[in-house]
Every structure is written in C-alpha cells, then in structure tokens.
Protein chains: 2
Amino acid sequence: MTVQTKGEKTRTRVIREARKLIVEKGFKNTSINEIIAVTGVKKGAMYFHFANKEELGFSVLLDAKKEFFNFLEVSFVGESPYEKIDHFFLSLLKQQQNAHFVGGCLFGNTALEMSDSNERYANLIKEIFSDWTNILTRLLKEAQLGGQVIGTIDAESLAHTIVAALEGGIMMARVSKKSSNLADCIGVIRSLITV
Amino acid sequence: MTVQTKGEKTRTRVIREARKLIVEKGFKNTSINEIIAVTGVKKGAMYFHFANKEELGFSVLLDAKKEFFNFLEVSFVGESPYEKIDHFFLSLLKQQQNAHFVGGCLFGNTALEMSDSNERYANLIKEIFSDWTNILTRLLKEAQLGGQVIGTIDAESLAHTIVAALEGGIMMARVSKKSSNLADCIGVIRSLITV
C-alpha cells in the first residue's frame, strides 16, 4: 500500500471531485471555482497542484485511464480467451448498471465534447481506445485460433466494432435509462461472434 | 416548393447557424449573443422567434430530426430489404466522410451532453433513436424472412446493436479522424449479419 502525503491526498481528492462534475456537466461547463467550492481546497493549493483547468482536466483523464485499465485487468479473467472476453462484457454491463447509466463513459463523453477543439485531450482518448482495442484484438485472435470466435473476420476490425458498439450502447442506455439497450448490444455481439 | 416569408427565412437561418455552433461547441457552450453576432439578427427578432436558448436548441434538434429522416428516406433504397440496409450504411459513411468526421452526430452529442440534465431534449433524442431503430427493425425482419440476414437473432435487438455500433463508430472516427474506424464497423456488421 502506498502512503500518500497530505499534498498527494489533496491532489487525488480534487481530481476525483472534478471528475464527478465533469462527467455530469462536461469539461467546458465545469469551472475551477466550482471545484474549489466543492472540495473546500484553497485557491493557492489548487493552483499549486494544477496550473490551470486544462491541466486539471488532463489529470482527471489520466486518473480515469488508470482506473479503466485496472478494471480491464480484473475483468478479462477466465479459463479461455473467450471466457475472458465474456467476463469483461458482463463486468462492463454491471458497472454501468451500478452507475444507473448516469454519466456514461467519460472517454466517450470527452471524445464528443473535446476532440475537435483540444488536440492533447483527443490524443489521450485516441490512445485509450487504441490500447483497449489492442487488448481485445489479442484475445479475439486467441479465441479465433481456439475455434471459439468466428475466424472469417479480421480480429482487429472485430475489436474496433465491439468497442464502438459498447460505447454506442452505453450512450443509448444513458439516454433511455434502460439497461436493456446495453444488455441487448452485448447479447447480440456474443451471439454474432461465437462459433 | 414552399415559399417562405421573410420571418420564416430569418427563423431558418438562425436555426442553421445555431446548429453549426452547437455541433462544434455543444449546447451549454453556445450563447444566444454569439448566435446573434453570427447571424446579424436583431435581439428583438431573435426573441420574437425563440423565447429563450432552450427553445432555440429544441428547434435546432427538430430541424436536424427532419433532415435526418429525409436522409433515411433517400438512403433506404434498393431492390431488396437487404440492399436498402446496405445502401443506407454506405450513405452514412459517405455523409460522415464528406463532413471530414468533424461534428459527428448531433443526436449522439446531445445525448451525451444533455440527457442527464434536460428531460425534454432527452425525450426527443430517445424518440429519434427509437424511430430510427424501428425503421431498421422492419427492414431487418423483411430481410430475415427473405433469408438475406441471419434469422437466429431478434430483429429489434439486432437493430439496437447496429445503431449503437454506428453511433460508436462515428464517435471513434471523430476522435481518430480516420474514416477506417466507421468503415470497419460497417464492414464487420455487413459480414456478421448476412447469411
């Protein structure tokens, strides 16, 4: 267990509180003053940790990235590559159900809000989607070799499509507040890719 | 051809200019004053047509909805149900390529930006996705009966997943600015659903 200094604790707390506001209202609509008000951190301490809102936003994305890849690591578990993929699908559904489909996916949200206007954010999001797709591609390839996933479609294209369908499914479930939207997507993907 | 009065022309022009700003920057980050500046419309005329920003935003969504269902009507063409679906896929890809993947899908953007905070917008977006899914469900059912699309998956679930994958694919292509992301999704869907 890592012991955090007081400064590190403050930093982490600001990042987590900022993330809640950003998920709820978007980057552009969240102000540093609001985050100061919510956390009770002094202005001086805030600017000691984060030069500006852009930096704070980037730290929020980095923190969420770390959390997501930890989530992937504990989700991709199972005896076979296919079981790993399947367990990940169900973990993702459960995670979104637990959040009552509020907030959706921070990376998807940021992609839509910022990718035309902030290249640094866009590049980080691109990297996250690309790393996620690569992990899935590797497992799909293994599952194809093992004869559990249809082998007629290139694994990378399949991974791209699955990530897109999951992101779209999270969005649709967020609009409708019905878990069936994401559950449907996952069910259909499972049926379509298995041999 | 419908002849528009001067007032109607102003209204339409404001809606179209507001839409460009909203697609680029989101609803919350677009102000009435900016739209006034861009269109050169007098403040009085603006508030004659739209009571407030919320109303203007809703009119933008209604206008975009009308345009999108016109697009669906001219895209779903072909001899067989499957050809209609296929022609729609390619039309959507072409439309996004022509826009250089800037802006993405206004409905998806709005879903992510507003669905947790504005129920009226959320309901309209829900309706648009639902109508779109219904049209696709009907065609998929016909194509299943005709033996062109796999019949083992419920047509409505399949339609939900396709819409999700397209929305997700548009988002991924917007982040990467690579048309291959959306093209990949469409290619994989085509392979997976055809018999």
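Residue pairs whose Cβ atoms lie under 8 Å apart, separated by 6 or more positions or on different chains, with the first residue in region A:1-25 and open to solvent by 100 Å² or more (accessible area, probe 1.4 Å) and the second part of a helix (DSSP H, G or I), are A:Arg13/A:Thr39; A:Arg16/A:Asp63.
Sort out which residues of region B:86-103 are in contact (Cβ under 8 Å) with a residue 60 or more places away in the chain and either of a type in the set (A, V, I, L, M) or surrounded by 14 or more Cβ atoms within 10 Å (Cβ to Cβ) (or both), and write them in order of number. So that I can check it myself, show each step before the final result.
In the first step, residues of region B:86-103 are kept if they are in contact (Cβ under 8 Å) with a residue 60 or more places away in the chain; the result is B:86, B:89-90, B:92-93, B:96-97, B:100-103.
Passing the criteria: B:Asp86, B:Phe89, B:Leu90, B:Leu92, B:Leu93, B:Gln96, B:Phe101, B:Val102, B:Gly103.
Screening B:Tyr47, B:Tyr82 for residues that are open to solvent by 60 Å² or more (accessible area, probe 1.4 Å) and either among the aromatic types (Phe, Trp, Tyr) or in contact with a Lys or Arg (Cβ under 6 Å, 6 or more places away or on another chain) (or both) leaves exactly one candidate, B:Tyr47. Candidates are the residues of region A:3-26 that are of a type in the set (Val, Ile, Thr) and part of a helix (DSSP H, G or I); the one that is modelled with the lowest pLDDT is A:Val23. Of the listed requirements (1) within 14 Å of chain B (Cβ to nearest Cβ); (2) at negative phi; (3) not polar (S, T, N, Q), A:Gly26 misses just one: (2). Are any of the residues in region B:53-76 under 30 Å from B:Ser91 (Cα atoms), acidic (Asp, Glu) and in contact with a Lys or Arg (Cβ under 8 Å, 6 or more places away or on another chain)? Yes, some residue in region B:53-76 is under 30 Å from B:Ser91 (Cα atoms), acidic (Asp, Glu) and in contact with a Lys or Arg (Cβ under 8 Å, 6 or more places away or on another chain). The residues in region B:8-52 that are farther than 21 Å from B:Glu113 by Cα and among the hydrophobic types (A, V, I, L, M, F, W, C) can be counted, and the count is 10. None of A:Glu167, A:Glu127 is in contact with a Gly (Cβ under 9 Å, 6 or more places away or on another chain) and acidic (Asp, Glu) except A:Glu167. Evaluated against (1) away from chain A (no Cβ under 12 Å); (2) closer than 28 Å to A:Val23 by Cα, B:Ser91 falls short on exactly one condition, (2). Just one of the listed residues (A:Ile186, A:Ile128, A:Ile162, A:Ile135) is more than 8 Å from chain B (Cβ to nearest Cβ), of a type in the set (Val, Ile, Thr) and open to solvent by 10 Å² or more (accessible area, probe 1.4 Å), and it is A:Ile135. Restricting attention to region B:168-178, does a residue exist that is at pLDDT below 95, open to solvent by 30 Å² or more (accessible area, probe 1.4 Å) and closer than 30 Å to A:Met114 by Cβ? Yes, region B:168-178 contains a residue that is at pLDDT below 95, open to solvent by 30 Å² or more (accessible area, probe 1.4 Å) and closer than 30 Å to A:Met114 by Cβ. Within region B:52-69, residues that are of a type in the set (Ser, Thr, Tyr) sit with their Cβ atoms under 7 Å from residues that are surrounded by 13 or more Cβ atoms within 10 Å (Cβ to Cβ), at 6+ positions apart or across chains, in these pairs: B:Ser59/B:Ile15; B:Ser59/B:Phe50. The residues of region A:165-183 that are of a type in the set (A, V, I, L, M) and either within 7 Å of chain B (Cβ to nearest Cβ) or under 16 Å from the mean Cα position of the chain (by Cα) (or both), listed by number, are A:Ala165, A:Leu166, A:Ile170, A:Met171, A:Met172, A:Ala173, A:Val175, A:Leu182. Taken as a whole, the condition of being more than 8 Å from chain A (Cβ to nearest Cβ), of a type in the set (A, V, I, L, M), open to solvent by 10 Å² or more (accessible area, probe 1.4 Å) and within 13 Å of the chain's Cα centre (by Cα) applies to B:Leu106.
The values are calculated or read from the model by the stated rules, or taken from the named source; none is laboratory data. Small disclaimer: the values here were computed from a predicted structure and weren't measured. Using ideal geometry, Cβ is built from the backbone for each residue, glycine included, and neighbour counts are taken over all protein chains shown. Note: accessible area is taken over every heavy atom of the protein model, side chains too, but ligands, DNA and RNA are not part of it. Shrake-Rupley method; radii C 1.70, N 1.55, O 1.52, S 1.80 Å.
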